[in-house]
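Visitor: One structure coming up, written as C-alpha cells, with questions to follow.
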Amino acid sequence: MFMKKGRVLPKAVSIMMSATMLSTVAASTSNPVFADDTDNNSVIKIMPLGDSITFGMADDGGYRKYLDYFLNEKGITNFDFVGPEGSDNSTFTYNGKTVSFDDNHAGYSGYTITDLHGGWFGNLNGILETMQKGDYIKKYSPDAIILQIGTNDISNGHLDGSEERLHLLLDYLLDNMNGTIFITTIPDLGGT
C-alpha cells in the first residue's frame, strides 16, 4: 500500500518489487514519483526507513542496493536515496561485476515503531523518536519514503497497540513531508 498526504491509495507494494512495478505504481498517481529523465530533470529524494531489513543486516545494503541497481537498469536515474546513515556511493558485486549504489538511508537494526521496553538491553529504540530527535524528515525532505517497520515489535512481543503506534509514526511522517509513503510488509515470523 502507499500513502499520500490525506489519503490511502489501494495498491499492494512489496519491498522486493521490481523497478518496473515501482515506477508503474508511482506513475499511476496524479503526481508521478518517477519519470524518465527526458520528461523530468528534477531529482526525487527517496528515504528508505525502517529496521534491520532496511539497514541491510547480514547483507550490506539489503534491498536498497538492488532497488538502486534495477531502477538504473530501467533508465530511472533521477532519484537520490537520502537519510542520516550510509554514504552517497558504495559498491557490491552483482552477476560478477562491481556495481555502485547510493547507500544513504534511515535503517536501524533492532528498532521498533516507537520506543518500547524489552530487547537485550531493556529498551527498544523507536523509529518515530529517532526521526523526531534528528528532525530527519525536514532535514532530508524526502519526496518518497519506503517504510518497513514492525518486525521487532512482533518478535519482542509488542503486537498489542502496534496499529496505534504505526498510526503515530505515519501521522508524524505525513505531517512533516509532502510526498508518498510506500508501506511494505514484514516477513513471515512463523505463525506470529
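Visitor: Six or more apart or on different chains, Cβ atoms under 8 Å: show the pairs whose first residue is in the stretch 131-147 and at positive phi and whose second is open to solvent by 60 Å² or more (accessible area, probe 1.4 Å).
Guide: Going by the 8 Å Cβ cut-off, the qualifying pairs are 141/45.
Visitor: How about the stretch 143-172: which of its residues are among the aliphatic types (A, V, I, L, M) and in contact with a strand residue (DSSP E or B) (Cβ under 6 Å, 6 or more places away or on another chain)?
Guide: 144, 145, 146, 147, 149
Visitor: Of a type in the set (Ser, Thr, Tyr), more than 29 Å from residue 69 (Cβ to Cβ) and open to solvent by 30 Å² or more (accessible area, probe 1.4 Å), is that true of residue 136?
Guide: no
Visitor: Determine, yes or no, whether residue 30 is polar (S, T, N, Q), within 27 Å of residue 125 (Cα to Cα), out of contact with any His (no Cβ under 7 Å at 6 or more places or on another chain) and modelled with pLDDT under 95.
Guide: No, not satisfied.
Visitor: Please work out if residue 107 is among the small types (Gly, Ala, Ser), open to solvent by less than 20 Å² (accessible area, probe 1.4 Å) and at pLDDT 95 or above.
Guide: yes
Visitor: Test each condition in (1) buried (at least 18 other Cβ atoms within 10 Å of the Cβ); (2) without any contact (Cβ under 8 Å) to a residue 40 or more places away in the chain for residue 161 and report the one that comes out false.
Guide: So the condition that residue 161 fails would be (1).
Visitor: Which of the residues that make up the stretch 75-89 are surrounded by 16 or more Cβ atoms within 10 Å (Cβ to Cβ), out of contact with any Ser or Thr (no Cβ under 7 Å at 6 or more places or on another chain) and of a type in the set (Val, Ile, Thr)?
Guide: Answer for the stretch 75-89, where residues must be surrounded by 16 or more Cβ atoms within 10 Å (Cβ to Cβ), out of contact with any Ser or Thr (no Cβ under 7 Å at 6 or more places or on another chain) and of a type in the set (Val, Ile, Thr): just 82.
Visitor: Looking at 21, 3, which one is touching a strand residue (DSSP E or B) at 6+ places or on another chain (Cβ under 8 Å) and modelled with pLDDT under 55?
Guide: One residue alone meets the criteria, 3.
Visitor: Oh, and also: State whether one or more residues within the stretch 65-74 are open to solvent by 50 Å² or more (accessible area, probe 1.4 Å), closer than 23 Å to residue 186 by Cβ and modelled with pLDDT of 50 or more.
Guide: The answer is yes, given that some residue of the stretch 65-74 is open to solvent by 50 Å² or more (accessible area, probe 1.4 Å), closer than 23 Å to residue 186 by Cβ and modelled with pLDDT of 50 or more.
Visitor: Looking at 113, 46, which is the one that is in contact with a helix residue (DSSP H, G or I) (Cβ under 8 Å, 6 or more places away or on another chain), buried (at least 21 other Cβ atoms within 10 Å of the Cβ) and at pLDDT 95 or above?
Guide: 113
The values are calculated or read from the model by the stated rules, or taken from the named source; none is laboratory data. Note that this is a predicted model, so its numbers are computed, not measured. We place every Cβ from the backbone using ideal geometry, glycine too, and count neighbours over all the protein chains shown. Ligands, DNA and RNA are excluded from the accessible area calculation, which covers all protein heavy atoms including side chains. Shrake-Rupley method; radii C 1.70, N 1.55, O 1.52, S 1.80 Å.
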